[in-house]
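To start, the structure under review is shown below, and the notes come after it.
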């Protein structure tokens, strides 16, 4: 049996925050519930002076409401660790087999 390790690695790796389909900016986490993550585009920037909204934007405006998206997070660090161990074992086996020849 052949295992597509790259496909498993992609499937179980954490996904980056999505971009807003309206303005293209990276969205921020608004809520996490179990494996469901809700992202939204707030238009906010943060610095030493606190939170600032882009001109024309406010908290929970129409842009925010229309940009919200919920994603199911299926990432699993245990699967990634097992893949790392499997690949290390395969490399070690290949090294040992190369010595025997």
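Every read-out reported here was derived from the displayed coordinates using simple, explicitly stated rules and does not represent laboratory data. Note that this is a predicted model, so its numbers are computed, not measured.
Could you grab the relative contact order for region 5-100? Cα pairs under 8 Å, six or more apart, rounded to a whole percent. Mind dumping the intermediate values first?
Numbers: 113 pairs, mean separation 27.9, N = 96.
Answer for region 5-100 is 29 percent.
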Enter the Cα centre distance for the pair region 31-54 and region 1-30, rounded to the nearest angstrom.
-> 18 Å
Any chance you could run the full-extension gain for residue 65 through residue 95? It's 0.36 nm times the residue separation minus the Cα-Cα distance, nm to one decimal.
-> 5.2 nm
Spatial extent of the chain: Rg and Dmax, with the Cα atoms as the point set, Å | 21.2, 71
Which of rounded, prolate, oblate describes region 58-101, given a ≥ b ≥ c as roots of the alpha-carbon gyration tensor eigenvalues and a/c under 1.5 marking rounded, otherwise prolate only if a/b is larger than b/c?
-> prolate
Under the rule rounded for a/c under 1.5, else prolate if a/b exceeds b/c, else oblate, using alpha carbon gyration tensor axes a ≥ b ≥ c, region 1-57 is classed as prolate
Please find, in a Gaussian network model of the chain (springs between Cα atoms separated by less than 10 Å), the residue of 46, 12, 64 whose mean-square fluctuation is greatest.
-> 46
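Would you calculate a helix-derived [θ] at 222 nm for the chain, using -39,500 (n - 2.57) for each DSSP H run of n ≥ 4 and dividing by the full residue count, to the nearest 500?
Working: 3 runs with 38 residues, N = 101.
Helix-only estimate at 222 nm: -12000 deg cm²/dmol.
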